[in-house]
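A short worksheet on the structure shown next.
The values are calculated or read from the model by the stated rules, or taken from the named source; none is laboratory data. Quick caveat: nothing in here was measured; it's all calculated off a predicted structure. Ideal geometry is used to build each Cβ from the backbone, glycine not excepted, and the neighbour counts take in all protein chains shown.
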Amino acid sequence: MLSALRRWREQRIIRRFPYSESDWERQFASMPLLRGLTPDECETLRELSVLFLHRKSLEGAQGLAIDLDMAVPLALQACLPILKLGLDWYNGWVSIVLYPEAFIPAHEEIDEFGVSHLNNEAIYSGESWQHGAVVLAWSEAKQAALIDGHNLLIHEFAHKLDMLNGSANGFPPLHDDMDRAQWTDAFQYAYEDFQLHPRAGIDPYAGTAPAEFFAVISEVFFERPDIVDKHYPRVYVQLKRFYRQDPLTRLGKSSGVRP
Ligand SMILES: [Zn+2]
């Protein structure tokens, strides 16, 4: 009964969303990342995106005004990783803050020695806080749907999935039909190998921490699955089981990627 009521409410939100059929078609057509999705998957992604925008609060920083033509592609990409998982995987936080350009985080960082200091050096294009906001630079986010192996949105939202079971450590909550030892083996091997032999097509930032490896390799998994499969086939299998998607087959079929 509860779920029927929820479904009814969700359908109403979806119906009332002020975006036309041709607007949606334009967005899908402009995003190579979404090629190869079946019509049913496109429909699910659309619905997830509308509900995502309904549940989350999207705020512009430094006077950035956000319209639907910014919010929709952002939501479509954010929801691609959870296409087969469901929106509840993004529970526990609400706000997304969008800066016009890469930003200097105005927060104090606690380093490994427990020392707090203001980080004035690094310029960020995105960050994800445990139980808190996802912060993104629009200048980077709007490029994200190109197939170049980089995707800021998938990166930051992969951190959110990773943080569902504690701090970000490259070990998100696995499904019951997955084997923790297989995940750990595959990722540990790949992470250590990558530190010794950085691979073309995978951002060297992946080598800075297991959490970053998971986030970066998730970007590559969705954009250039052939690269993950080539260098780290066991990681590919684990990601395929985790996201319950097979981008190699999907993008390969649409000739976006040559496996
Ligand atoms: Zn990261």
Every pair of residues 6+ apart whose Cβ atoms lie under 6 Å, when the first sits in segment 148-172 and is farther than 18 Å from Phe187 by Cα while the second is of a type in the set (Lys, Arg) and surrounded by 18 or more Cβ atoms within 10 Å (Cβ to Cβ): Gly149/Arg224
Selected residue [of a type outside the set (A, V, I, L, M) and surrounded by 10 or more Cβ atoms within 10 Å (Cβ to Cβ)] from Arg15, Arg7: Arg7
Close pairs (9 angstrom Cβ cut-off, 6 or more residues apart or separate chains): among the aromatic types (Phe, Trp, Tyr) in segment 121-140, at pLDDT 80 or above and part of a helix (DSSP H, G or I) anywhere: Trp129/Met163; Trp138/Met70; Trp138/Leu74
Test: residue in segment 206-222 that is within 16 Å of the ligand (Cβ to nearest atom), surrounded by fewer than 16 Cβ atoms within 10 Å (Cβ to Cβ), more than 14 Å from the chain's Cα centre (by Cα) and not aliphatic (A, V, I, L, M): yes
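Let's see how each residue does on (1) in contact with a helix residue (DSSP H, G or I) (Cβ under 7 Å, 6 or more places away or on another chain); (2) β-branched (Val, Ile, Thr); (3) not assigned by TED's automatic domain parsing to the domain that holds Met31:
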site	(1), (2), (3)
Trp183	yes, no, yes
Ala186	yes, no, yes
Leu196	no, no, yes
Thr208	no, yes, yes
Phe222	yes, no, yes
His231	no, no, yes
Flag if Gln182 is in a helix (DSSP H, G or I), more than 21 Å from the chain's Cα centre (by Cα) and over 20 Å from Val237 (Cβ atoms): no
Single residue of segment 16-57 satisfying the filter (over 21 Å from the mean Cα position of the chain (by Cα) and hydroxyl-bearing (Ser, Thr, Tyr)) that is farthest from Asn91 (Cα to Cα): Ser22
Residues satisfying the stated conditions in segment 175-205, i.e. acidic (Asp, Glu) and within 15 Å of the ligand (Cβ to nearest atom): Asp203
